[in-house]
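Working notes, beginning with the structure itself.
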Amino acid sequence: MYLGLKEMQHEKLRYALLSGVLLLIALVVFMLAGLANGLSEGNRLAVDQWNAQNVYLNKDANKTLSASQLKLADKKYLTGTDIAPLANLSGTLRTTNNKLKTTTSALGTTRDSFLMPTVLTGHQINGKNQLLISAALKDKGYRLGQKVQIGTTDQKVTIVGTYAASTYSIAPTVYTDVSTLNRLKGSPITSGDQQPINAYVTKNSHFKTSKHGGLQRFSTESFINNLPGYSAQNLTLDTMIYFLFVIALAVIGIFMFVLTLQKQALFGVLKVQGIGTKHILAALLTQSIIMALIGISISLVLTVGIAQIMPASLPFAIDWPQFGIYSVALLLASVVGALLSWRTVAKIDPVVAIG
Amino acid sequence: MNKSVLTLQHVDKKFGHGRTAVTALKDANFEVQAGQFVAIIGPSGSGKSTFLTIAAGLQTPTDGQVILNGQPLTHQSEKQRLAYRFNEIGFILQSSNLIPFLNVLEQFKLVDKMAHRKFQQDKAKELLSELALTEVQNAYPSELSGGERQRVAIARALYNDPSVILADEPTASLDTSRSIDVVKRLADEAHQHQKAIVMVTHDQRLIEDCDVVYQIEDGLLSRRD
């Protein structure tokens with residue numbers, strides 16, 4: 001401890017530079033993690049908000065919502081509580097004069113379904129051609145009472161309410177009832193139980209009989225993992241983050257090794273005087289832990305700061321438990337990096353310090 | 001009659017095997033008592049360094065015995081030898097064995113830190129004033145003159161209260177007047193603190209103040225009368 005601390009005090013620049021390198025690595029880790037979280041949240045936030053257990057899709061849809069074709073009547077195969085139909089239209093939300101244009105994920109369900117978000121301003125859907133919008137869209141300039149179009153049909157709907165920000169497939173969501181959504185889609189059937197939908201989302205359900213009518217049951221987690229691009233994107237970013245841990249280990253390891261080689265004569269003198277490998281390694285560990293702690297804490301502060309000034313369009317989310325785990329991983333990488341010099345320190349022969 | 005602190009009995013040290021074997025020490029007998037300042041004088045390559053490393057427990061003799069305070073040192077583990085060097089031996093090395101990133105007082109503090117005890121500041125300051133170093137107590141080794149550095153090394157060696165102080169060419173990097181000063185200090189400290197001090201040197205001019213002088217040549221150690 002004492003040796004390590006005193007050396008850092010005396011060689012401030014050298015150790016500050018090394019802390020700086022660790023700071024940059026940690027910063028990249030946290031920025032990537034924040035972006036990965038933001039992107040993944042942008043993909044799945046709406047699904048998380050449903051708080052559902054299972055999703056039923058057409059078994060031929062390859063687990064993809066937009067490719068799944070079901071009918072409202074397919075409910076007859078299911079039994080349980082909280083079973084809600086879900087129709088999806090990915091399209092451009094626009095005002096009638098085309099002043100505002102935004103890509104959205106439009107979701108249709110029954111007016112009293114548990115999927116319907118809690119309204120913050122305005123009122124619930126209580127009639128034809130009404131639309132609820134995510135708070136993010138309100139920030140963009142859409143307002144209550146405004147007539148808007150979605151997709152390419154001439155069908156107009158009126159914004160009647162807003163709810164807490166929600167996204168699906170990196171696009172803000174809007175909610176309406178199934179009939180209205182089908183009218184927006186230009187579907188030939190816009191009433192009755194033959195209307196097309198994409199999925200059934202449920203809290204607690206199972207198949208009534210062994211006849212599944214072409215439906216397939218998925219857990220919400222598996223549904224999320226099969227969102228288009230979701231797993232590939234997470235895997236890419238996670239791999240980059242894991243690789244950065246290896247880089248942190250290598251940087252600390254190489255720097256500490258070079259410093260150890262430089263200080264071989266000094267370590268020899270220490271050993272002659274009865275200050276052994278244990279104490280020298282303790283000094284190296286003290287130094288690497290302190291440098292890692294400095295680098296990690298400053299980069300955490302910077303990450304929080306950068307998140308404040310980042311444009312809102314950039315998906316970025318701080319997940320503190322995850323950041324905690326990554327901080328510990330970086331710390332461990334530094335400790336292991338310092339331990340790489342163990343053999344070199346142990347092999348230094350004190351005899352060289354004499355004669 | 002003073003008691004003998006460090007004794008070497010019939011010590012041999014060979015390096016290598018067979019035809020290429022080199023004998024660095026041959027049947028060396030040596031003794032130093034508390035309060036004695038002993039010089040071992042010899043040209044380079046005579047076996048001086050080997051003598052020191054064996055006395056310091058850095059190497060084990062091929063044959064013979066090293067006895068410190070009546071206890072033989074042979075067959076000690078690496079850990080025991082480390083503790084032996086830390087507790088029983090004070091070192092003064094050729095150039096300097098000071099830690100470059102510690103100031104003079106901290107050199108002493110390090111010893112206490114390693115021994116897990118409180119810093120004996122009064123003791124350190126007393127030694128420093130004895131060796132006329134009070135003014136430089138907050139200086140780093142790079143800010144000291146060669147003579148000051150060796151004086152700090154002497155104080156540092158005395159600080160841990162070792163049984164023996166081994167000085168390896170302590171004047172190698174000093175001019176004559178400074179060398180004589182350092183050697184006089186060593187002699188004073190040996191007599192004043194009743195320490196056994198062994199100095200290895202090649203410099204004939206420095207033996208005036210020594211109580212006993214040994215000569216070493218080609219691995220043969222002999223006492224000068």
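For the ranges B:167-174, A:304-311, A:45-52, what's the packing order if you count other beta-carbon atoms within 10 Å of each residue, average per peptide, and put the highest first?
For the peptides B:167-174, A:304-311, A:45-52, the packing ranking is B:167-174, A:45-52, A:304-311.
A:Ala165's amide H: which non-local residues (gap 5+, or another chain) put their own amide H closer than 5 Å, with H modeled 1.01 Å from N in plane and none for Pro or chain starts?
A:Ala135, A:Ala136
What's the local net charge at B:Ala187, with K and R +1, D and E -1, over the other residues with C-beta under 10 Å away?
-3
What is the diffusion coefficient of the protein assembly as shown in µm²/s, taking the Kirkwood radius over Cα pairs and the Stokes-Einstein relation at 25 °C with a viscosity of 0.890 mPa s?
In µm²/s, the coefficient is 81.
Roughly what angle does helix A:230-262 make with the longest principal axis of chain A, taking Cα atoms, 0 to 90 degrees, to the nearest 10?
10
Could you tell me how far the Cα centroid of region A:163-182 sits from the Cα centroid of region A:308-355, in Å?
One Cα centre to the other: 44 Å.
Summing +1 for each Lys or Arg and -1 for each Asp or Glu, what net charge is found among the other residues whose Cβ lies under 13 Å from the Cβ of B:Ala172?
Around B:Ala172, the surrounding residues sum to -1.
Could you let me know the centre-to-centre spacing of region B:115-182 and region A:208-268, using Cα atoms, in angstrom?
55
Would you kindly state how much longer the chain becomes between B:Ile67 and B:Gln120 on full extension, computed as 0.36 nm times their sequence separation minus their alpha carbon distance, in nm to one decimal?
Working it through step by step, the gained length comes to 16.1 nm.
Relative contact order for region A:25-110: what is it in percent, counting Cα pairs under 8 Å that are at least 6 residues apart?
Answer for region A:25-110 is 17 percent.
Points 7 angstrom from Cα along the Cβ direction at A:Trp342 and A:Arg14: gap in nanometres?
2.4
Just to be sure I follow: if Rg is taken over the C-alpha atoms of region A:60-213 and Rh is the Kirkwood radius over the same atoms, what is Rg/Rh?
That ratio equals 0.97.
Any chance you could give the angle, 0 to 90 degrees and rounded to 10, that helix B:146-159 forms with the longest Cα principal axis of chain B?
80
On a 0 to 90 degree scale, rounded to 10, what angle separates helix B:176-193 from the longest Cα axis of chain B?
Helix B:176-193 and the main axis of chain B meet at about 90 degrees.
Pick out which of A:Val269, A:Val201, A:Val246 has the largest mean-square fluctuation in a Gaussian network model of chain A, springs linking Cα atoms closer than 10 Å.
A:Val269
Compute a Gaussian network model of chain B, connecting alpha carbons closer than 10 Å, and tell me which residue from B:Arg19, B:Arg149, B:Arg178 fluctuates the most.
B:Arg19
Could you work out how much longer the chain between B:Ser142 and B:Glu208 gets when fully extended? Use 0.36 nm per residue separation minus the Cα distance between them, nm to one decimal.
20.7 nm is the gain from fully extending B:Ser142 to B:Glu208.
How much net charge surrounds A:Ile354 when only other residues with a Cβ under 15 Å from its Cβ are counted (Lys, Arg +1; Asp, Glu -1)?
After counting each charged neighbour, the total is +2.
Pull out the extension gain between B:Ser129 and B:Gln215, defined as 0.36 nm times the separation in residues minus the alpha carbon to alpha carbon distance; nm, one decimal.
Residue separation times 0.36 nm, minus the Cα-Cα distance, leaves 27.6 nm.
Where a number appears in this text, it was derived from the coordinates with a stated rule and is not lab data. A quick note: this is a predicted structure, and the numbers were derived from the prediction, not measured. Counting neighbours? That spans all protein chains shown, and the Cβs are built from the backbone with ideal geometry, glycine included.
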